[in-house]
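See structure below.
The values are calculated or read from the model by the stated rules, or taken from the named source; none is laboratory data. Owing to the predicted nature of the structure, the values given are computational and were not obtained by experimental measurement. Positions of Cβ are generated from backbone atoms using ideal geometry, with glycine treated the same way; all protein chains shown enter the neighbour counts. Each accessible area value is taken on the protein alone, full model and side chains, heavy atoms only, with ligands, DNA and RNA left out. Shrake-Rupley method; radii C 1.70, N 1.55, O 1.52, S 1.80 Å.
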Amino acid sequence: MTNIEFEIMDELYFPCSFGELVSKFTYEKQEIYDVVVSLLQKEFIVQLQFNSSTNDFEKQEQSDFH
């Protein structure tokens, strides 16, 4: 595991948006995006969406890379 992968996974211990993630690092936005996509593909992390009817986060069945 690379240093940036470890740092991003450590930050994603609690849900946060991509924008929040970008603001916490000095890495380029594209590099962070590429690492997040790689971590999603490896299933090291999951993508969540907020469900307002349950007032909680739910795992997206299929990751959205946009």
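Would you calculate a helix-derived [θ] at 222 nm for the chain, using -39,500 (n - 2.57) for each DSSP H run of n ≥ 4 and dividing by the full residue count, to the nearest 500?
That calculation yields -12500 deg cm²/dmol at 222 nm.
Using amide H atoms built 1.01 Å from N in the peptide plane, name the residues 5+ places from LEU48, or on other chains, whose amide H lies under 5 Å from its own.
Those lying under 5 Å, H to H, from LEU48 are GLN60.
Exposed loop GluC sites (Glu not before Pro) only (DSSP loop, at most 12 other Cβ atoms within 10 Å): please give the longest stretch of the chain free of them, not including the sites. Each step should come with its number before you reach the end.
On the way: sites that count: GLU28, GLU43, GLU61.
Free of exposed loop sites, the longest segment is 1-27.
Can you work out the accessible area per residue across the chain, with the rest of the protein chains kept in place, probe 1.4 Å, in square angstrom?
With all protein chains present, the chain gives 78 Å² per residue.
Here are a few candidate values for Rg/Rh (Cα atoms, Kirkwood Rh): (i) 1.02; (ii) 0.96; (iii) 0.94. Which one was actually calculated from the structure I just gave you?
(ii)
What is the sum of charges around PHE44, taking Lys and Arg as +1, Asp and Glu as -1, for the other residues whose C-beta is under 15 Å from the C-beta of PHE44?
Within the 15 Å Cβ shell, the charges total -4.
Cα axis of helix 29-41 to longest principal axis of the chain: angle in degrees, 0 to 90, nearest 10?
Result, in degrees: 60.
Between MET1 and LYS29, what FRET efficiency follows from the Cβ-Cβ distance if R0 is 25 Å, with the result rounded to 0.05?
Details: r = 21 Å, r/R0 = 0.84.
Efficiency for this residue pair is about 0.75.
Just the number, please: carbon plus sulfur as a percent of the accessible area of the chain, 1.4 Å probe, no ligands or DNA/RNA counted.
Summing carbon and sulfur atoms, their accessible area is 49 percent of the total for the chain.
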